[in-house]
Amino acid sequence: MKKYIFIITAIIISGCNNSKKENTNNEKVVKKELRPFFDSDEINHYYLNFSEEDFMKIMMKEKNTPKELEFIDLFVHHFPDTIPKENFEKILLNYNYKKSNLSLKQQKEIENVFSEKDSLQDAFAACAAEYRDIFIFKKKKETVGIVKMCFKCGRVQFVGNKIDTEGFGLWTELDKLRKIVRPENYSILINN
């Protein structure tokens, strides 16, 4: 009897070891190169330090100026919905967005975050977006893509992408991105 138990145990253990080897081989086959959402050679990041109180003052006005209406479109709505013909960076600077000084390493890290993934987002935001972070992707100095990001609620707006971005927005991806573009504020943001 002990002899049979030993043989059965040995078969089970060797079978488990073989299945682990097979899984390792399959993982190597499944991995693919991640294609970036945009074909770019430069990435610029803009950030707006704008309080909710200041925004509420604009929203509560009975009648907004054309400039305030354009700002509201930019900050919470879907402006732009196509790549603007005019210089979009000038528009951002006009509304006090500040340009970050990104190193080539940071740009590569950002490109890796904004690339195809095998995982899909399955949780969706329940708040209104406040697009404080905007990424501009360029190819030969021409804007080829824009990403508006709200780290508070996880909403993202893509403009100009050729690859499906439907599943983008896992909190792990957003955390990586936040660490890259706002490392000095990262510990404050995750603790709130």
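The requirement of being in contact with a Phe, Trp or Tyr (Cβ under 6 Å, 6 or more places away or on another chain), closer than 23 Å to residue 181 by Cα and free of Cβ contacts under 8 Å to residues at least 40 places away in the same chain is not satisfied by residue 114.
Of all residues in the range 158-186, those being open to solvent by 30 Å² or more (accessible area, probe 1.4 Å), under 24 Å from residue 139 (Cβ atoms) and modelled with pLDDT under 85 number 3. Only a single item in (1) surrounded by 17 or more Cβ atoms within 10 Å (Cβ to Cβ); (2) at pLDDT 90 or above is not met by residue 98, and it is number (1).
Looking at the structure I just gave you, is residue 83 surrounded by 11 or more Cβ atoms within 10 Å (Cβ to Cβ), in contact (Cβ under 8 Å) with a residue 12 or more places away in the chain and closer than 22 Å to residue 152 by Cβ? No, not satisfied.
Restricting to the range 125-179, give me the number of residues that are among the hydrophobic types (A, V, I, L, M, F, W, C) and in a loop (DSSP other than H, G, I, E, B). The number of residues fulfilling the criteria is 11. Which one of 62, 27 is modelled with pLDDT of 90 or more and either more than 22 Å from residue 153 (Cα to Cα) or in a helix (DSSP H, G or I) (or both)? Result of the check over 62, 27: 62.
The values are calculated or read from the model by the stated rules, or taken from the named source; none is laboratory data. The structure displayed is predicted, hence computed values, not measured ones. Neighbour counts are summed over all protein chains in view; Cβ atoms, including those assigned to glycine, are modelled from backbone coordinates with ideal geometry. Surface areas here come from the heavy atoms of the whole protein model, side chains and all, with no ligands, DNA or RNA. Shrake-Rupley method; radii C 1.70, N 1.55, O 1.52, S 1.80 Å.
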